[in-house]
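Reviewing the structure listed below.
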Amino acid sequence: MKRRWLGCGLALAVLLALILWTGCGQNEAKTIKIGHAVALTGDASVFGQSEHTGLKIAVEEINRKGGILGKPIELVAADTRADPTETVNAVRRLVEREKVVAVLGVAQSGVAMAATPVVTAAKVPLISTTASNPYVTQSKAGETYHYVFRVCFIDTYQGTVAAEFAYDRLKARKAGILYDVGSDYSQWLAKYFEDAFAKVGGKVVAKEAYRTGELDFRAPLGKIRESNPDLVFLPLTQKDAALVAKQARDLGIKATLLGGDNWASPDILKLGGAALEGSYFINSASFDEPSVKKWMATNEKRFGGPVVRNALLVNDALYALADAIKRAGSTDSDKIVAALEQTKDLPVLTTDKFTLDAKTHNPLNRPAYFNQIKDGKFVFIETFAAK
């Protein structure tokens with residue numbers, strides 16, 4: 001009798017195990033969910049909207065080819081409004097409620113840093129598109145954040161390249177700087193340019209600041225004019241840079257204007273007009289590459305509107321993530337991180353050899369592209385590397 005009950009019990013256990021196993025199989029995700037934390041509204045929406053439409057095209061391309069690990073990508077967007085508080089809420093929704101395997105976007109440095117504790121606690125990889133502050137991927141103590149990566153170059157490199165270009169190519173010896181004291185991007189890029197310009201032999205003769213939201217820049221520009229610089233460095237948003245350029249020209253400032261990678265939006269041409277003619281800016285992607293031109297034409301045909309560098313770099317981020325998941329053979333967070341750290345010479349939209357530094361989670365040897373505004377258009381000048 002005991003043997004009969006034992007046999008029945010064993011049979012029931014096996015049946016229960018089969019039912020549980022079948023249920024787990026039915027609940028297995030049929031898609032790979034990827035989050036996109038992006039400024040869909042607010043002052044930075046010109047970048048965010050372009051980034052989101054660009055990401056949609058990349059997702060469609062990958063899904064047409066079979067997706068990742070045989071599953072289609074499911075894209076889930078959350079609006080950050082380029083605001084740290086909104087970003088925390090958006091990223092938390094993506095990782096806690098939507099259960100995404102990774103988050104792309106958080107383009108601005110300040111909001112990317114606000115997202116770091118959220119993705120760290122959730123153990124979900126984050127790949128930023130254009131957050132260039134060095135402290136996005138590393139603490140001030142030099143500790144690399146395990147789950148945070150980026151695809152753009154960092155501001156220390158950008159500031160150095162901009163300073164060396166100003167000194168070597170533009171022959172500037174005296175520079176003025178106007179920056180936004182309320183922006184981490186603007187503050188730090190101004191500092192890195194100032195330090196690097198002094199190092200190569202130049203002199204910053206005026207460094208003036210304003211606060212986010214101000215529209216009248218005549219007072220700080222007046223002080224810059226008095227210093228008679230050869231060049232004025234403007235690490236500003238495209239909207240502010242356009243207004244500053246107009247007011248600078250109205251005040252009689254004839255110095256060459258040089259901008260950071262935030263200038264890389266066609267909207268700056270409409271906003272700044274003739275005041276920006278002859279100005280230069282640095283970019284982390286070349287709009288003149290044949291593959292990029294072709295992709296931009298596809299994007300504009302599908303969605304219209306301006307294509308900005310964010311749209312190109314979010315492609316790089318998605319393809320780096322997809323490649324890492326494929327090599328990892330899993331959507332496990334730590335396996336994805338380990339695979340991302342081994343990314344080397346990966347062909348992506350903006351470069352044929354995208355490589356990530358395992359120690360810093362920053363890209364290695366990403367080229368810097370300089371453009372000039374001529375006849376109301378962006379004209380590629382040269383690829384320039386820091387010494």
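Read-outs: derived from the displayed coordinates by stated rules, not from any lab. Here the structure is a predicted model, which means the values were calculated and not measured. Cβ coordinates were reconstructed from backbone atoms using ideal geometry, including for glycine residues, and neighbour counts include every protein chain displayed.
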In Å, the C-alpha Rg and Dmax of segment 80-137 are 10.0, 30
Dividing the helical contributions, -39500 (n - 2.57) per DSSP H run of n ≥ 4, by the residues of the chain yields a 222 nm value, nearest 500 deg cm²/dmol, of -14000 deg cm²/dmol
Expected max-MSF residue from S333, S50, S286 in the GNM of the chain (alpha carbon, under 10 Å) is S333
Links exceeding 31 Å between C-alpha atoms in this model, out of K191/K301; K203/K374; K65/K353, come to K191/K301
Per residue, the convex hull enclosing the Cα atoms of segment 188-297 spans a volume in Å³ of 120 Å³
Matching label for the computed percent of Cα pairs over 40 Å apart, out of [x] 16; [y] 12; [z] 20, is [z]
Share of Cα-Cα pairs in segment 45-182 beyond 20 Å, whole percent, is 55 percent
Of all trypsin sites (Lys or Arg not before Pro) in segment 168-212, the ones in DSSP coil with at most 11 other Cβ atoms within 10 Å are K171, R211
Under the rule rounded for a/c under 1.5, else prolate if a/b exceeds b/c, else oblate, using alpha carbon gyration tensor axes a ≥ b ≥ c, segment 306-377 is classed as prolate
The FRET efficiency for L215 and D375, from their Cβ-Cβ distance with R0 = 30 Å and rounded to 0.05, is 0.60
Taking every other residue with Cβ under 13 Å from the Cβ of K377 and scoring Lys and Arg +1, Asp and Glu -1, one gets -1
FRET efficiency (T85, K171; Cβ distance; R0 45 Å; to 0.05) is 0.50
Scoring the chain by relative contact order with C-alpha pairs under 8 Å, at least six apart, yields a percentage of 15 percent
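Return one quarter of the surface area of the convex hull spanned by the alpha-carbon atoms of segment 256-387, equal to its mean projected area, in nm².
Mean projected area of the Cα convex hull: 9.6 nm².
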The answer for the net charge of residues other than W188 whose Cβ lies under 15 angstrom from its Cβ, with Lys and Arg +1 and Asp and Glu -1, is -2
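Counting only DSSP beta bridges with both residues in the chain, tell me the antiparallel percent, nearest 5.
Working: 15 of 48 bridges.
Taking every DSSP beta bridge within the chain, about 30 percent pair in antiparallel fashion.
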So R93 and L251, fully extended at 0.36 nm per residue minus their Cα-Cα distance, gain in nm 52.1 nm
Diffing segment 353-370: the Karplus 3J(HN,Hα) column from phi (6.51, -1.76, 1.60, θ = phi - 60°), in whole Hz with x for Gly and Pro, holds 9, 7, 9, 9, 7, 4, 7, 10, 6, 9, x, 9, 6, 6, x, 10, 10, 9
Total charge of the residues flanking R173 in space, meaning their Cβ is under 9 Å from its Cβ, with Lys and Arg +1 and Asp and Glu -1, is +2
Residue ranges of DSSP H helices in the chain that stretch 15 Å or more (Cα, own long axis) and have mean Kyte-Doolittle hydropathy of at least -1.0 are 2-27, 45-64, 109-122, 155-168, 184-199, 238-250, 309-328
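How high is the relative contact order of segment 152-300, in percent, with contacts defined as C-alpha pairs under 8 Å that are six or more residues apart?
22 percent
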